[in-house]
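Colleague: Please find one structure pasted underneath; my questions will follow.
The values are calculated or read from the model by the stated rules, or taken from the named source; none is laboratory data. In this text the structure is predicted, and so the values were computed from the model without any measurement. Neighbour counts are summed over all protein chains in view; Cβ atoms, including those assigned to glycine, are modelled from backbone coordinates with ideal geometry. Please note that ligands, DNA and RNA were not included when accessible areas were found on the heavy atoms of the full protein model with its side chains. Shrake-Rupley method; radii C 1.70, N 1.55, O 1.52, S 1.80 Å.
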Amino acid sequence: MHNTDPALVAYYDMRRSFGQDNRIVVTVGSPDLFSKPFLQKFTQLHRDVEREVPYIAEIFSLYNIPFIQYEDGGIYLEELVHNMIVRDQDPREMRDRIMATPLYRNFIISRDGKTASIVVEPFRYAPHADDCVARPEDGFSCGGGEPDGVKRQLLGPQHYAEMSRKIGEIAARHHDPAGFDIHVSGAPIVSTEIVRLMSKDMPRFTLLCFAVAVVVIMVIYRSLLVSLAALFAFLSSIIITFGLMAALGEPVTPPTQLLIPLLLVSSLCTFIHFISGLFRAHRETGDKAAAVAVAMTQGHAPILFSALTTAAGLIGFITSTLAPITVLGLFGAVGTMVAYAMGMLCTILVFRTLPTRFFERRYEDYPTIIAVMTAMSLFAVRRPKRVLAVAAMVGVASLLGIRTLEYSHNSLLWLPEDNAIRQSTAHIDQTFNGTVNLEVVIKPQGGRDFRNEELLRRVDEVANRVHGATDIPIGRHTSIIDFLKETNQALHDGNPAAHRIPTQREIWDELLLLEGQGNDDMLRYTTLSYDAGRVSFLTPWLEAKRFTAFIHTVQSMFEDALGPMAEVRTTGLIALLAMTSTAVLDSMTSSYIVALVQIMVLMCISLGRVRLGVLSMLPNIVPFLLLLGFMGAMGIPLDTFTVLIGGIITGLIVDDTTHYFFQYKRNLETLCDVEAAIRATIEDMGVPIFTTTVVVMSSFSVFIISSLNNLQSFGLLMTLGAFLALLADLLISPALLVTFNHAPVKAGDAPRPDGADATMEVRHAT
């Protein structure tokens, strides 16, 4: 989200007031948790995590969780297992008391009593060189506030990665499937694993992708020099674009990683179309310098407008409410124009460098491919109604598939089914009913604070009702009320009937007791001045759309119950996740609409005729509809990753369509016959259009073997999209042109421009 987004501001406010909510959870399963051997080993695990893992603000488990006791007229807070071990007590004596404590269930112990957990709360902020470190042994303490001139940075992915790696090492050291079964999860762990695999797979498969592209270009053009020039054009585009991002302080995120395949497509399209134009011009002129002049005059305009339309489509992303997509749109547009410039430059340089023998041994462009493409187009020309009817039926079928298409974002499902983090998350969700939290921040109004008896009773009542008001399984909810109930029960000699909210006077007294005992844990659920409180609902890692309805339900229930007594705000990681996924769909829908309008305007301008420009949009849109229908039929969800693929495939689809219609318009003006113009267009543009399609299909197909499901879908959709774009240009475009864009003068009905007859004869001879 953008830094000024109200939802993000509210989330940061919550973290400043109450601490982190993105905790790491380490669970340990055993047949007997309350045996001394298990607790001794568990204690060692706790100590190792506490000592070896960096950036830990707090750590909770059976070993150190505060246990409220009432003895000799006083209230005491003990570290649960630690004191048992020190006093050599039998832990089984405490089993029933621990299992009966709501504050512990599904937090540091599962409801069935067979799994214990260690909950790690990371720092809110990254360490800084100017941070003050208190040294009580020397009598040195830190004053309040932050060091002068230090702007605090939130704990980032690199810190979570370091924590995850260290916890993984410790877990592997202690793991024993027979009696000490360890699982690790939590939002920092899952996000770190996704970033780790994407950081490994995306560059690796992108390099493999371009290696395949270079090989295919070398095979098609029979020149290592040409393929290396294409490689240089792409690499220079990447270096310049990402250099600009670095200079402006923009980080690389999963969405902005898509700039790499986007620039690959853009640079390849520019390079292939221009090099093909140069080769055609050289065959006509026999001179390199003259060929460059001819290619620039005749073939540069569609290349430029293709880059402009692709950039215009990406500029629509700038309006997104999400920062990484805005960055993708901005630098995607800039990178597309950089790719155009570097593609043109590298093409001219390599063309002028090619030896004479290259042109002497190079024969005419692939007559078989031209023949097949021409036959397909002429079939559409001679049976346009049938082709359009079939296209319409396929479109209807696609609409049926689109109806089943779901927008569903669950990044956990990007991980392979056998991934240890995905399996551990599923295990912990099943055992504890949750690994992430929804936070409800309550700010009392009307002179009240979070010690008001009536307010607390209403909060307690509505929090309990939430469990049965939604289909989301809730592991537990926690607030300052739970500490009050535990304290009240302890003050009444452990009587279960006293596990309730005390009276107004008792609330003040008991909170003072807890403060006097140094119970800092309750400060995670209320501020020091009690001007705000927090209720945390533990939930499993689920699809983001389900959280949207859940959050709305919780917000409404608390607002209805509290009315004017308090202001209510739902926040937390799952709230941000739900808002983000919804914002992606909303903003991308509007962005694609804006992009299509901009592309259509530019197509009309480039072709010089509104009718032709509007017609050219259908071959641009149909592949998208077919892709969406395919996704619906195959059960591939539209999520925050696949929804961005359209911005990349647009570059290829628009590029081929622009060149096709631009060359058709030129040929129609010369030949004055639709069929002849289409035949000539295939002869002129068939090889570069075929080449870009083959290169994209072969290179992006390597993503299908990625370990990440989202990258597999990316590779499959890019490969299929390239193929559908070619079919649309070969079948739908000719059928539309014959049906709706007849030439004003038929061949043979009027004198042709000088040289037209000769041109036709040469083309048919070819």
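Colleague: Any residue at all in the range 653-661 that's touching a Ser or Thr at 6+ places or on another chain (Cβ under 9 Å) and without any contact (Cβ under 8 Å) to a residue 60 or more places away in the chain?
Modeller: No, the conditions are met nowhere in the range 653-661.
Colleague: What are the residue pairs meeting all of these: first residue in the range 116-137, first residue at pLDDT 70 or above, second residue of a type in the set (Asp, Glu) and open to solvent by less than 70 Å² (accessible area, probe 1.4 Å), Cβ atoms under 6 Å, and 6 or more apart or on different chains?
Modeller: Glu121/Glu58
Colleague: Given the conditions (1) open to solvent by 10 Å² or more (accessible area, probe 1.4 Å); (2) in contact (Cβ under 8 Å) with a residue 60 or more places away in the chain; (3) touching a helix residue (DSSP H, G or I) at 6+ places or on another chain (Cβ under 7 Å), report the number of the one that Leu644 does not fulfil.
Modeller: Answer for Leu644: the failing condition is (1).
Colleague: Taking Glu510 as meeting all but one of (1) buried (at least 20 other Cβ atoms within 10 Å of the Cβ); (2) touching a residue at least 40 places away in the same chain (Cβ under 8 Å); (3) over 37 Å from the mean Cα position of the chain (by Cα), write down the number of the exception.
Modeller: (2) is the only condition that Glu510 fails.
Colleague: Can you pull out the residues in the range 630-670 that are within 18 Å of the chain's Cα centre (by Cα) and in a helix (DSSP H, G or I)?
Modeller: Met631, Thr642, Val643, Leu644, Ile645, Gly646, Gly647, Ile648, Ile649
Colleague: Let me ask something additional. With the requirement that a residue be over 18 Å from Gly651 (Cα atoms) and either touching a residue at least 60 places away in the same chain (Cβ under 8 Å) or open to solvent by less than 30 Å² (accessible area, probe 1.4 Å) (or both), what does the range 616-634 give you?
Modeller: Gly629, Phe630, Met631, Gly632, Ala633
Colleague: Looking at the range 667-676, can you tell me whether even one residue there is charged (D, E, K, R), farther than 21 Å from Ala375 by Cα and open to solvent by 10 Å² or more (accessible area, probe 1.4 Å)?
Modeller: Yes - at least one qualifying residue is present in the range 667-676.
Colleague: Another question, if that's okay. If you go through the range 543-560 one residue at a time, how many are crowded, with 20+ Cβ neighbours inside 10 Å and modelled with pLDDT of 85 or more?
Modeller: 5
Colleague: Return the residues of the range 690-721 that are touching a Ser or Thr at 6+ places or on another chain (Cβ under 9 Å), without any contact (Cβ under 8 Å) to a residue 60 or more places away in the chain and of a type in the set (Val, Ile, Thr); say none if nothing qualifies.
Modeller: Residues satisfying the conditions are Ile704, Thr719.
Colleague: Continuing with this model, one more query. Determine if the range 445-461 includes at least one residue that is free of Cβ contacts under 8 Å to residues at least 40 places away in the same chain and either of a type in the set (Ser, Thr, Tyr) or at negative phi (or both).
Modeller: No - not one qualifying residue is present in the range 445-461.
Colleague: Tell me, which residue of the range 57-97 that is in a loop (DSSP other than H, G, I, E, B) and open to solvent by 80 Å² or more (accessible area, probe 1.4 Å) is modelled with the lowest pLDDT?
Modeller: Our first condition is that a residue be in a loop (DSSP other than H, G, I, E, B); within the range 57-97, this holds for 61-65, 72-73, 88-90.
After this cut, where a residue has to be open to solvent by 80 Å² or more (accessible area, probe 1.4 Å) as well, the list is 72, 88.
On the way: Asp72: 57, Asp88: 69.
In this case the residue turns out to be Asp72.
Colleague: Moving to a separate point now. For the range 186-225, give me each residue that is within 30 Å of Ile59 (Cβ to Cβ) and open to solvent by less than 30 Å² (accessible area, probe 1.4 Å).
Modeller: Gly186, Ala187, Pro188, Ile189, Val190, Thr192, Glu193, Ile194, Leu197, Met198 - these are the residues of the range 186-225 that are within 30 Å of Ile59 (Cβ to Cβ) and open to solvent by less than 30 Å² (accessible area, probe 1.4 Å).
Colleague: Any idea how many residues of the range 234-269 are of a type in the set (S, T, N, Q) and open to solvent by less than 10 Å² (accessible area, probe 1.4 Å)?
Modeller: Count: 4.
Colleague: Restricting to the range 686-735, what's the tally of residues that are closer than 25 Å to Val614 by Cβ and open to solvent by less than 10 Å² (accessible area, probe 1.4 Å)?
Modeller: Within the range 686-735, residues that are closer than 25 Å to Val614 by Cβ and open to solvent by less than 10 Å² (accessible area, probe 1.4 Å) number 14.
Colleague: Still on this structure: Answer yes or no: is there a residue in the range 19-28 that is on the phi > 0 side of the Ramachandran plot and assigned to a loop (DSSP other than H, G, I, E, B).
Modeller: Among the residues of the range 19-28, at least one is on the phi > 0 side of the Ramachandran plot and assigned to a loop (DSSP other than H, G, I, E, B), which makes the answer yes.
Colleague: At pLDDT 90 or above, surrounded by fewer than 21 Cβ atoms within 10 Å (Cβ to Cβ), closer than 18 Å to Met522 by Cα and in contact with a helix residue (DSSP H, G or I) (Cβ under 9 Å, 6 or more places away or on another chain) - does that describe any residue in the range 459-468?
Modeller: yes
Colleague: Pick out the one residue from Thr582, Thr571 that is closer than 30 Å to Gln423 by Cα, hydroxyl-bearing (Ser, Thr, Tyr) and surrounded by 24 or more Cβ atoms within 10 Å (Cβ to Cβ). I'd like the intermediate steps shown before the answer.
Modeller: On the way: Thr582 fails: surrounded by 24 or more Cβ atoms within 10 Å (Cβ to Cβ).
From the options Thr582, Thr571, the qualifying one is Thr571.
Colleague: For the range 29-56, which positions are in a helix (DSSP H, G or I) and either of a type in the set (Lys, Arg) or at positive phi (or both)?
Modeller: Of everything in the range 29-56, those that are in a helix (DSSP H, G or I) and either of a type in the set (Lys, Arg) or at positive phi (or both) turn out to be Lys36, Lys41, Arg47, Arg51.
Colleague: Condition first: loosely packed, with under 15 Cβ neighbours inside 10 Å, closer than 27 Å to Phe67 by Cβ and not acidic (Asp, Glu). Can you find one or more residues in the range 529-539 that meet it? Spell out how you get there, then give the answer.
Modeller: First, the residues of the range 529-539 that are loosely packed, with under 15 Cβ neighbours inside 10 Å: 529, 531.
Checking which are closer than 27 Å to Phe67 by Cβ leaves us with none.
No, the range 529-539 contains no residue that is loosely packed, with under 15 Cβ neighbours inside 10 Å, closer than 27 Å to Phe67 by Cβ and not acidic (Asp, Glu).
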